Amino acid sequence: MKIDKRHLLNYSILLPYLALSIIGLIIVYSTTSANLIQDGVSPFSLVRNQSLFLVLSLAAITFIYRLKLNFLKNGPLLRFALFIEMILLIAARFFPRVNGAYGWISLGPITFQPAEYLKFLMVWYLAYSFAKEQKSIEVYDYQALTKGYLLPRSFVDWRFISAGLIGLVVAMPDLGNATIILLTVILMYSVSGIGYKWFSAVLTTLTAVSAAILGFIGIVGVQTIERIPIFGYIASRFSAFFDPFQDAQGAGLQLANSYYAMSNGGWFGRGLGNSIEKKGYLPEAHTDFVFSIVIEELGLIGAGLILALVFFLILRILLVGIKSKNAFNSILALGVGGLLLTQVFVNVGGVSGLIPSTGVTFPFLSQGGNSLLVLSVAIGLVLNIDANEKREEIYREIEESYEDVDETYYEEDYYQ
């Protein structure tokens, strides 16, 4: 008996994804059309580009949903993908800067951001690595992953590879994506099967280090940090974080205008398309600070509903990981949910001043085909995992029912 996966599609994940993607197209048009008209360009040019990537994303989801998951457990394929990613991250240094970072590769009309693809590759790589060590983790706990050493002692150690790739992203410098990947690595390490106490220890250490860094910068002053050449770009972000209005036309321009946008929106917003800040006042209004414009146009209530839909999607993805019986499936789904969660946290935290702004997109809403495609691939994998887990569960129930029937017949024959 063969069960078609078409009948096992998880609509509680697919429908929120589609809704957010369609809302994203509306938001992209709203945040870009005014400036495009002013520049003498078609107001639909960027939303057309985003729509094209959405079509590609839906095609990718359809393909991945039909894919056999064992394909992802191919070690040589994964190592080859990581090698290509490393080459692309290095190659990005030889292309012009975009917003102060070497994060983009432009080949004619095609432009892509290697760091976006690294997010998914890290989730895939860690799920593969941790799943192989499940039996050892049951016996040796965290030492099964560290091999008893605090520092990596091999070039194939997951810690060495993770640190190396994150280091390349930091060197761009792309602190936003580096932060997202680092937090995702920590979350995946915590759900790898090790004792919960290690998650508490890592979280406490991370919080203490972050607080110490902010405290140190606050004591010595941002101006002192700016004198160090390699930290000049980073220092400007911290300068805006501590007091954006001190240099509202310089380092604090984005965050100050983000505050103005949210203040303009109030509870119910100015109405879709009626944002003031997107008309040249707030840079990156269609990408990094799109959520500020969402609040300005739809108000805190409208933005809150969108945020609730995003969290519902994340919760359903995490639930797939929690329910999965297969270790690889479970860790991969939890990694995807963790990736979405950290990206939302870093973006919203940055536009609201909760954490220093790091320049990352809001999932599904920001204009950016690379981000949409990567997240769609991840969604497709979660849908595939959920369908496979459901199908395996049905097969187990059918097998158990046959065994029960056989045992009943055997008992009747015996007692007769």
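The values are calculated or read from the model by the stated rules, or taken from the named source; none is laboratory data. Source: prediction; values computed, not measured. In this analysis, Cβ positions are derived from the backbone assuming ideal geometry, glycine residues included, and neighbour counts consider all displayed protein chains. Each accessible area value is taken on the protein alone, full model and side chains, heavy atoms only, with ligands, DNA and RNA left out. Shrake-Rupley method; radii C 1.70, N 1.55, O 1.52, S 1.80 Å.
Tabulated data for the structure shown
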read-out: Qualifying residues in the range 43-83 (those that are loosely packed, with under 13 Cβ neighbours inside 10 Å and either of a type in the set (Val, Ile, Thr) or in contact with a Pro (Cβ under 8 Å, 6 or more places away or on another chain) (or both)) - the one nearest to Ala378 (Cα to Cα); value: Thr62
read-out: Residue check for Lys325: within 21 Å of Leu8 (Cβ to Cβ), in a loop (DSSP other than H, G, I, E, B) and of a type outside the set (Ser, Thr, Tyr); value: yes
read-out: Pair list, Cβ < 8 Å and 6+ apart or interchain, from the range 160-173 residues that are open to solvent by less than 10 Å² (accessible area, probe 1.4 Å) to residues that are aromatic (Phe, Trp, Tyr) and at pLDDT below 85; value: Met172/Tyr102
read-out: Residue within the range 369-388 that is open to solvent by 20 Å² or more (accessible area, probe 1.4 Å) and touching a Gly at 6+ places or on another chain (Cβ under 9 Å) present; value: no
read-out: Residue within the range 140-155 that is open to solvent by less than 60 Å² (accessible area, probe 1.4 Å), modelled with pLDDT of 70 or more and of a type in the set (D, E, K, R) present; value: no
read-out: Unique match (being assigned to a loop (DSSP other than H, G, I, E, B) and more than 20 Å from Thr31 (Cα to Cα)) among Ile317, Ile331, Ile355, Ile276; value: Ile355
read-out: Subset of the range 15-40 [of a type in the set (A, V, I, L, M) and either free of Cβ contacts under 8 Å to residues at least 40 places away in the same chain or open to solvent by 40 Å² or more (accessible area, probe 1.4 Å) (or both)]; value: Leu15, Leu18, Ile22, Ile23, Leu25, Ile26, Leu36, Ile37
read-out: Selected residue (only one of Leu255, Leu298, Leu272 is farther than 30 Å from Arg391 by Cα, among the aliphatic types (A, V, I, L, M) and surrounded by fewer than 21 Cβ atoms within 10 Å (Cβ to Cβ)); value: Leu272
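Yes/no matrix, rows are residues, columns are (1) within 20 Å of Ala378 (Cβ to Cβ); (2) surrounded by fewer than 21 Cβ atoms within 10 Å (Cβ to Cβ); (3) aromatic (Phe, Trp, Tyr); (4) under 16 Å from the mean Cα position of the chain (by Cα):
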position: Lys279; (1), (2), (3), (4): no, yes, no, no
position: Glu284; (1), (2), (3), (4): no, yes, no, no
position: Asp288; (1), (2), (3), (4): no, no, no, yes
position: Val294; (1), (2), (3), (4): no, no, no, no
position: Ala303; (1), (2), (3), (4): no, no, no, no
position: Phe312; (1), (2), (3), (4): yes, yes, yes, yes
position: Ile317; (1), (2), (3), (4): yes, no, no, yes
position: Ile322; (1), (2), (3), (4): yes, yes, no, no
